[in-house]
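The block underneath contains the structure these notes are about, expressed in structure tokens.
The values are calculated or read from the model by the stated rules, or taken from the named source; none is laboratory data. The structure presented is a predicted model; accordingly, all values stated were derived computationally and were not measured. Here the Cβ is made from the backbone with ideal geometry for all residues, glycine too, and neighbour counts use every protein chain on show.
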Amino acid sequence: MKNWTTDVSTLLLRVIAGAIFIPHGYSKVFGHGGPAAFSADLPSYHIPIFLGYLASYAEFFGAILLIAGLLTRIDALLLAGTMFVAVFVVQLPDALHDPDGHGIASVLHNIELPLSLLAITTTIIILGPGRLSLDSLFGIDARMMKIGRRRSPE
């Protein structure tokens, strides 16, 4: 029974996270100015422009793949990286320097969505896609895990 609940839980996490990421990614990829407009702001945070393009496409196309459960751990890793930067490089420093902020509650309010998404995507990396995924159907996750377990000769 535990495997079934884990599989349903990972499916739920993948679908909800993907559904949240898609509109954000869509606006970055297909919005006015496209990924270039999003990426143009990143040097002010000391983030290379190419990572803005990577984040934009990961938030849209990676979210679609996440929902389908295809290349799940890679998608989740890219999205977790994006959310890590969003929380700790962009929003947390901005919230801490906000003169209108009122303590820890104000700071947490500013980072709650990306922090939640960071936790969800990190959980997906740890748990994997589950059996209710294209990765499971095609045996992709099992092969990736087997490659990860190989040890190099000493």
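When residues of segment 89-148 are filtered for being of a type outside the set (A, V, I, L, M, F, W, C) and in a helix (DSSP H, G or I), how many remain? Before you say what the answer is, go through the steps one by one.
Our first condition is that a residue be of a type outside the set (A, V, I, L, M, F, W, C); within segment 89-148, this holds for 91, 93-94, 97-103, 106, 109-110, 112, 114, 116, 121-123, 128-131, 133, 135-136, 139, 141, 143, 146, 148.
Those still in the list that are in a helix (DSSP H, G or I) too: 91, 93-94, 106, 109-110, 112, 114, 116, 121-123, 135-136, 141, 143, 146, 148.
Selection size over segment 89-148: 18.
Among the numbered conditions (1) crowded, with 16+ Cβ neighbours inside 10 Å; (2) more than 30 Å from TRP4 (Cβ to Cβ); (3) among the small types (Gly, Ala, Ser), tell me where SER133 comes up short.
In the conditions (1) crowded, with 16+ Cβ neighbours inside 10 Å; (2) more than 30 Å from TRP4 (Cβ to Cβ); (3) among the small types (Gly, Ala, Ser), SER133 misses (2) alone.
Residue-by-condition table, conditions (1) more than 14 Å from ILE125 (Cα to Cα); (2) at pLDDT 95 or above; (3) in contact with a Phe, Trp or Tyr (Cβ under 9 Å, 6 or more places away or on another chain):
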residue	(1), (2), (3)
GLU59	yes, yes, yes
ILE74	no, yes, no
ALA95	yes, no, no
SER106	yes, no, no
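Name the residue, out of ILE64, ILE47, that is touching a residue at least 40 places away in the same chain (Cβ under 8 Å), surrounded by fewer than 18 Cβ atoms within 10 Å (Cβ to Cβ) and under 13 Å from the mean Cα position of the chain (by Cα).
ILE64
Which ones in segment 14-37 are crowded, with 16+ Cβ neighbours inside 10 Å, more than 27 Å from SER136 (Cβ to Cβ) and of a type in the set (A, V, I, L, M)?
Correct list: VAL29 only.
Counting only residues that are loosely packed, with under 12 Cβ neighbours inside 10 Å and at pLDDT 85 or above, how many does segment 136-154 have?
Going through segment 136-154 one residue at a time, the tally reaches 1.
Since ASN3 meets every condition but one in (1) modelled with pLDDT of 95 or more; (2) surrounded by fewer than 19 Cβ atoms within 10 Å (Cβ to Cβ); (3) in contact with a Lys or Arg (Cβ under 9 Å, 6 or more places away or on another chain), which condition does it not meet?
(1)
Restricting to segment 112-147, name every residue that is among the small types (Gly, Ala, Ser) and in contact (Cβ under 8 Å) with a residue 24 or more places away in the chain. Show your work before the answer.
Step one: filter segment 112-147 for residues among the small types (Gly, Ala, Ser), giving 116, 119, 128, 130, 133, 136, 139, 142.
Of everything in segment 112-147, those that are among the small types (Gly, Ala, Ser) and in contact (Cβ under 8 Å) with a residue 24 or more places away in the chain turn out to be GLY128, GLY130, SER133, SER136.
From the residues in segment 67-84 that are surrounded by fewer than 24 Cβ atoms within 10 Å (Cβ to Cβ), in a helix (DSSP H, G or I) and not basic (Lys, Arg), which one is nearest to the chain's Cα centre (by Cα)? Give the derivation first.
Taking segment 67-84 as the starting set, the residues that turn out to be surrounded by fewer than 24 Cβ atoms within 10 Å (Cβ to Cβ) are 67-68, 70-71, 73-74, 77-78, 80-81, 84.
From the residues that got through so far, the ones that are in a helix (DSSP H, G or I) too are 67-68, 73-74, 77-78, 80-81, 84.
Going one step further and asking which of them are not basic (Lys, Arg), we end up with 67-68, 74, 77-78, 80-81, 84.
Numbers: ILE67: 12, ALA68: 15, ILE74: 10, LEU77: 6, LEU78: 6, ALA80: 4, GLY81: 6, PHE84: 9 Å.
The selected residue is ALA80.
Any idea which of (1) farther than 21 Å from ALA36 by Cα; (2) free of Cβ contacts under 8 Å to residues at least 60 places away in the same chain; (3) touching a Pro at 6+ places or on another chain (Cβ under 8 Å) is the one SER106 doesn't satisfy?
(3)
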